[in-house]
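Chemist: This is the structure, below, for whatever I ask next.
The values are calculated or read from the model by the stated rules, or taken from the named source; none is laboratory data. Because the structure is a prediction, the values reported are computed rather than measured. All Cβ positions, even for glycine, are placed from backbone atoms using ideal geometry, and neighbour counts span all protein chains on display. Heads up: the accessible areas ignore ligands, DNA and RNA and are worked out on the full protein's heavy atoms, side chains in. Shrake-Rupley method; radii C 1.70, N 1.55, O 1.52, S 1.80 Å.
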Amino acid sequence: MTLPIQNAQEMAKRATTFVDSRALRRTPKLTSGTVDDKRKEIALYFTNTFDTYTGLFDVLRDDAGFYQKPIPLRHPLIFYLGHTATFFINKLLLAKLIPERIDAHMESIFAVGVDEMSWDDLSEDNYDWPSVSAVKHYRTLVRAKVLKLINTLDLALPIDWENTWWPIVMGIEHERIHLKPRLYLFANMNWLRSSPYLNGLLAKIQAKRQKNKLISVPAGSVSLGKSFDSAFYGWDNEYGQHQADVAELKPANI
């Protein structure tokens, strides 16, 4: 369920200090700076992202909520608690940056999500979900392992596709893209408890919605695509170039 917001502006104001203390750090540039500074920046970027994602699950009232499906075409939330952590381990193993697994069972059942295809396995009879405490402990182990790797792995700039640090940054960015979808799943649940963090996020969203208005977008040429020497991380489908002429878009056409 969506938590009630009687006065979005006032709630946002009260929650500012709490939310700002959990604010997400900016995506780091991967092409410039000193090695020592970049190592520290990525370490902070990792812990900030990892801990923010873990903290989102604090809005569940009790452990029973982890084993319910917010919507039929998704796994129970226990999957999403473990998924982003196992992504790190599976990618780091593939890149030969770590020598062994932490927990082969978790790194198997949490590896593949649901794409809403006919072959996706949504039958709960085929899963033996671990306890919430076990998955949280697993996340703690993954956090320590990745942080140790960040603090010890040789680093040379720029960090690009060929750089040994690319899988590390990939893991962080993967966890980031899971943050917003988790909030949508929580919005479909009725076993949430009041959370200053979630209340603050919802209040800020509501306050911004009240200020939004439709505008006209002039016609023009649009260029899409990320260059391979971009200073920021990109997924494979972001690279390449595409240009198109776009007609004017007016509010009446929306």
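Chemist: Name the single residue, out of those in region 200-224 being open to solvent by less than 50 Å² (accessible area, probe 1.4 Å) and at pLDDT below 90, that is nearest to residue 170 (Cα to Cα).
Modeler: 201
Chemist: With respect to the numbered conditions (1) assigned to a helix (DSSP H, G or I); (2) free of Cβ contacts under 8 Å to residues at least 60 places away in the same chain; (3) crowded, with 17+ Cβ neighbours inside 10 Å, which one is the sole condition not fulfilled by residue 108?
Modeler: Going through the list (1) assigned to a helix (DSSP H, G or I); (2) free of Cβ contacts under 8 Å to residues at least 60 places away in the same chain; (3) crowded, with 17+ Cβ neighbours inside 10 Å, residue 108 breaks only (3).
Chemist: Within the bounds of region 159-169, is there any residue that is in contact with a helix residue (DSSP H, G or I) (Cβ under 6 Å, 6 or more places away or on another chain) and either part of a helix (DSSP H, G or I) or surrounded by fewer than 18 Cβ atoms within 10 Å (Cβ to Cβ) (or both)?
Modeler: Yes: one or more hits.
Chemist: Go through region 123-135 and give me each residue that's modelled with pLDDT of 95 or more and either open to solvent by 70 Å² or more (accessible area, probe 1.4 Å) or touching a Pro at 6+ places or on another chain (Cβ under 6 Å) (or both).
Modeler: 133 - this is the single residue of region 123-135 that is modelled with pLDDT of 95 or more and either open to solvent by 70 Å² or more (accessible area, probe 1.4 Å) or touching a Pro at 6+ places or on another chain (Cβ under 6 Å) (or both).
Chemist: Right, another one. Does residue 240 qualify as being surrounded by 10 or more Cβ atoms within 10 Å (Cβ to Cβ), under 27 Å from the mean Cα position of the chain (by Cα) and modelled with pLDDT under 90?
Modeler: Details: surrounded by 10 or more Cβ atoms within 10 Å (Cβ to Cβ): yes; under 27 Å from the mean Cα position of the chain (by Cα): yes; modelled with pLDDT under 90: yes.
So residue 240 fits the description; yes.
Chemist: What pairs can you find where one residue is in region 40-67 and within 13 Å of residue 78 (Cα to Cα) and open to solvent by 10 Å² or more (accessible area, probe 1.4 Å), the other is small (Gly, Ala, Ser) and not in a helix (DSSP H, G or I), and their Cβ atoms are less than 8 Å apart, with a gap of 6+ or different chains?
Modeler: Note: pairs meeting the criteria are 58/195; 63/131.
Chemist: Sticking with this structure for a sec: With the checklist (1) among the hydroxyl-bearing types (Ser, Thr, Tyr); (2) at pLDDT 95 or above; (3) buried (at least 20 other Cβ atoms within 10 Å of the Cβ) in hand, flag the one item residue 80 doesn't pass.
Modeler: Condition (2) is where residue 80 drops out.
Chemist: Listed residues 184, 138, 197; which is modelled with pLDDT under 95, within 22 Å of residue 44 (Cα to Cα) and among the hydroxyl-bearing types (Ser, Thr, Tyr)?
Modeler: 197
Chemist: Take residue 31 and decide whether it is open to solvent by 10 Å² or more (accessible area, probe 1.4 Å), modelled with pLDDT of 85 or more and not in a helix (DSSP H, G or I).
Modeler: Yes, satisfied.
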